[in-house]
1. Does any residue of the range 214-221 turn out to be more than 26 Å from the chain's Cα centre (by Cα), modelled with pLDDT of 80 or more and farther than 21 Å from Leu176 by Cα?
2. Given the structure, is Tyr413 of a type outside the set (D, E, K, R) and crowded, with 19+ Cβ neighbours inside 10 Å?
3. Six or more apart or on different chains, Cβ atoms under 6 Å: show the pairs whose first residue is in the range 177-205 and more than 17 Å from Asp325 (Cα to Cα) and at pLDDT 90 or above and whose second is open to solvent by 40 Å² or more (accessible area, probe 1.4 Å) and assigned to a loop (DSSP other than H, G, I, E, B).
4. Would you mind finding the one in Val335, Val351 that is open to solvent by less than 10 Å² (accessible area, probe 1.4 Å), at pLDDT 95 or above and of a type outside the set (Ser, Thr, Tyr)?
5. What tally of residues in the range 262-293 results from selecting those that are out of contact with any His (no Cβ under 7 Å at 6 or more places or on another chain) and in contact (Cβ under 8 Å) with a residue 12 or more places away in the chain?
6. Wholly within the range 1-90, which helices (runs of 4 or more DSSP H) include no fewer than the required count, namely at least 3 residues that are away from the ligand (no atom under 16 Å from the Cβ)?
7. Suppose we filter the range 153-187 for residues that are touching a Pro at 6+ places or on another chain (Cβ under 8 Å) and over 16 Å from Arg212 (Cα atoms); how many remain?
8. Criterion first (within 20 Å of Ala336 (Cβ to Cβ) and outside any helix (DSSP H, G or I)) does Arg192 satisfy it?
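The values are calculated or read from the model by the stated rules, or taken from the named source; none is laboratory data. Note that the structure is a prediction, hence the values are computed from the model and not measured. Don't worry about glycine lacking a Cβ; one is built from the backbone with ideal geometry, like all the others, and counts go over all protein chains shown. SASA here: full protein model, heavy atoms, side chains in, ligands and nucleic acids out. Shrake-Rupley method; radii C 1.70, N 1.55, O 1.52, S 1.80 Å.
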Amino acid sequence: MPTTPLPILMPQIPGQRWSCHSCGRCCYDLVGHLSAEERARIDRQDWRGELGIEPYVRLGRSTVLNKHDDGACVFLDRATNLCRIHARFGEQAKPLACRIYPFTVRPVPQGWRVALRFDCPSAAGSQGEGLAKHRPFLGELVGALPHLAWREDVPRLTGTHRLSEIQTQRLTERLLRMLNARDEPLTWVLRRAAEVAATLAEARLDRVGVGRFDELTDLLFSANPDRLPAPPGADRAKAGVTRGARAMLRQLVYAFSAHATIHELRAGFFRRFGLRFRHLRDAGRFRRGRGEVPATHGLPPGVAFDRVDAVKAADDPGEAERIEDLVRRYLTERVASRSVFGAGYYDWPVVDGLLALWASAAAWGFLARHRAAAQGRAAITYDDAFESLRIVDRSATRSPALGTRTERMRLRYLARSGALPGLVEAYALVT
Ligand code: SF4
């Protein structure tokens, strides 16, 4: 019996566009997981002797496309910057992970929830066609997906209580209105959003209950900011961000920027032991924040922590305007695609997901300052914000380090101490 295709739920992001411009970056960044059928198809394509290395390898319980030492996909043709499978057998012969990028999809009761990854430069730069143009292609792709069990698309409020679909919609609409209030300075909006999240974190939502959550958020979102109930410690945040809070932010930055290559993850015991040792050493350096920022796969060497903190937010009006547009589009995407709490974000409850989102804006500000300092600039430029978003978005929702209990506790501490709004302001991308 024919079945009706499920709706494709595209995130509504004002002004957002995308088309592939064949820059080849995803062929370095993406870890391409293969199904058994895709593996068999690659075997049938018979690449023996052409690639120099195996076409795919085991990674834990998965099979993934193999990579060269510099991170390039085994199928990337460096002469043309194009995929060899695509060139020889056509687009449809490529693994699904490559075909669908930079979109991701997850099945929810209402259809296929689509998210757009901003680690693709064309997505971050909003270049190409409007997103609605890609709906038929995505519909075709999801039609070919194996049956996947849908997951609840509404987040937990706290404990086991979930918001209803209507409540989740109302919450995301409020957040989107806040993010897109263009008459208000962006840094002010983000600081205020962090204050609301910190206040919710203190609200003992387990006692407030799901039923009164709307009432509480109505009150907080519509409150005169000067009358917002101040979280404990807010005076300290006003007076400046404490050293402890900065140390926690640096640890978050490390969680965003440190990642292991598939070769490191597949290495033998001694190499993995060395990797673990390096990880602990670098994490300690980020916590202390003295001397040079340790180089990671995302951060170049040779930049001292105090030089990062000395870099100012973008002050050139033209640069600041472009950065504002980028920040608003990115955060809008995260909220509109519901990649910010619940099944879209490590299955975290509402408040923890919101704390993580606003903290990621501060981490992004740190990373942009690092890039500016590495290139000898005193203030952030659009390119600094653009390139450092690649680090943030590559990890958010994907890095296991960001979904740990320790991370949640750290965010809760930043909220409880009143430091989060101060950090969002201190590491703002624009003045
Ligand atoms: S990173 Fe984006 S623009 Fe570049 S090749 Fe991949 S999908 Fe295309």
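1. no
2. In short, no.
3. From residues that are more than 17 Å from Asp325 (Cα to Cα) and at pLDDT 90 or above, there are no pairs.
4. Testing whether each residue is open to solvent by less than 10 Å² (accessible area, probe 1.4 Å), at pLDDT 95 or above and of a type outside the set (Ser, Thr, Tyr) leaves just Val335.
5. 16
6. Fully inside the range 1-90 and qualifying: 36-45.
7. Residues that pass the stated criteria total 2.
8. So Arg192 fails the test.
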